[in-house]
1. Kindly provide the set of residues from the range 132-169 that are charged (D, E, K, R) and either closer than 16 Å to residue 253 by Cα or assigned to a helix (DSSP H, G or I) (or both), ordered by number.
2. Filter the range 171-189 down to residues that are free of Cβ contacts under 8 Å to residues at least 12 places away in the same chain and assigned to a strand (DSSP E or B), then give me how many there are.
3. I'd like to check which strands (runs of 3 or more DSSP E) are fully inside the range 190-290 and have at least 2 residues that are modelled with pLDDT of 95 or more and within 30 Å of residue 117 (Cβ to Cβ).
4. So the check is Cβ under 7 Å with 6+ separation or different chains; which pairs have a first residue in the range 259-288 that's at negative phi and a second one that's among the aromatic types (Phe, Trp, Tyr)?
5. Taking the range 266-290 as the region of interest, how many residues are loosely packed, with under 13 Cβ neighbours inside 10 Å and not charged (D, E, K, R)?
6. I'd like the residue in the range 1-33 that is crowded, with 18+ Cβ neighbours inside 10 Å and part of a loop (DSSP other than H, G, I, E, B) and, out of all such residues, is nearest to the chain's Cα centre (by Cα).
7. I want to confirm something. Restricting to the range 107-121 and keeping residues that are surrounded by 15 or more Cβ atoms within 10 Å (Cβ to Cβ) and assigned to a loop (DSSP other than H, G, I, E, B), which single residue is modelled with the highest pLDDT?
8. Could you identify the single residue in 201, 263, 232, 178 that is within 18 Å of residue 165 (Cα to Cα) and small (Gly, Ala, Ser)?
Amino acid sequence: MQVRKVVIPVAGWGTRSLPATKNIPKEMLPVYKKPGVQYIVEEAMYSGLTDVVFVNNQNKKIIEDHFDYNWALEDLLERTGKTTLLEEVRSVAEMVNIISVRQKKQLGLGHAVFCAREIIKNEPFAVMLGDDLMFGREPGIKQLMDVAMSENMSVVGVMEVESDKVSSYGIIQGEEFAPGIFRVRSLIEKPKPAQAPSRLAVVGRYVLMPEVFTHLEGTEPGHGGEIQITDALLAMARKNRLLAVKMRGMRFDVGDWTDYLTANIYFALQDETLRDELTRKLKGLLSCPS
């Protein structure tokens, strides 16, 4: 079966990014010239995904609006002859088919995914988290899709993290049976470094078979009253129904201020019109006494 749909949970409050996210969704914070969520949707589009399911709340409709036409703006750009900008703005509305469902209570990632059940139905689907921006020669989610389809199994994306960071992630235990592909035997959510079975952390990319909904339906709320996707993944791992792919490319956690600012600098340095001046100013800042 082909993967056509991707679930992007965007209903959270973005507390890691406060106060910037008090009135602006974290997904709409700019990374260089685009809101962060646009990079996620572009990655989905470049991977061949056609239907984007935003799991949203009533206060963040601006995310869906970003991927719609803005007739007043487009009319202004057309009248003033700004054709390049006009084409760029219109192209955002034409990337993919946007579908929205409500997560009326923020009860965790597992609950957010479960909210999309009636749209996904009995199809394999992708999940992409808006906090994680990934860039490389091959789109991040596509790396998982290829393995999921060839093995007919759910797949999570993992990356190796430093020992002092494992307590911030779900960590897998498993065996590598092909280069960069692991059969997952267990997952431990946010272990202490001494208890971590590896340094392979689950990052914000998943391709899931519809059986995940059965596991989520029977999952009891855990810490903080939330339904965790980790519990459903663990249930699949115990049935030998979960793989992990060590992802290639760069990752920025834009919920982390250091990563967010680094991502902005990284993209600005790719712009030849900004690179020299930005480099000069950064060197000047670094040479200033604190």
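1. Looking only at the range 132-169, we keep the residues that are charged (D, E, K, R), and these are 132, 137-138, 142, 146, 151, 160, 162, 164-165.
Correct list: 132, 142, 146, 151, 160, 162, 164, 165.
2. Total satisfying the criteria: 4.
3. It comes to 200-208, 242-246.
4. Close Cβ pairs satisfying both conditions: 259/252; 262/252; 263/252; 264/32; 267/32; 268/32.
5. The initial filter retains those residues of the range 266-290 that are loosely packed, with under 13 Cβ neighbours inside 10 Å, namely 270-273, 275-277, 280-281, 283-290.
If we keep only those that are not charged (D, E, K, R) too, we end up with 270, 273, 284-290.
Residues flagged as loosely packed, with under 13 Cβ neighbours inside 10 Å and not charged (D, E, K, R) within the range 266-290 amount to 9.
6. Restricting to residues being crowded, with 18+ Cβ neighbours inside 10 Å and part of a loop (DSSP other than H, G, I, E, B), the top hit is 10.
7. Taking the range 107-121 first, the residues surrounded by 15 or more Cβ atoms within 10 Å (Cβ to Cβ) are 107-117, 119-120.
Keeping just the survivors that are assigned to a loop (DSSP other than H, G, I, E, B) gives 107-108, 116.
Details: 107: 87, 108: 89, 116: 95.
Here the answer is 116.
8. Numbers: 263 fails: within 18 Å of residue 165 (Cα to Cα); 232 fails: within 18 Å of residue 165 (Cα to Cα); 178 fails: within 18 Å of residue 165 (Cα to Cα).
None of the others qualify; the one that does is 201.
The values are calculated or read from the model by the stated rules, or taken from the named source; none is laboratory data. Here the structure is a predicted model, which means the values were calculated and not measured. Ideal geometry is used to build each Cβ from the backbone, glycine not excepted, and the neighbour counts take in all protein chains shown.
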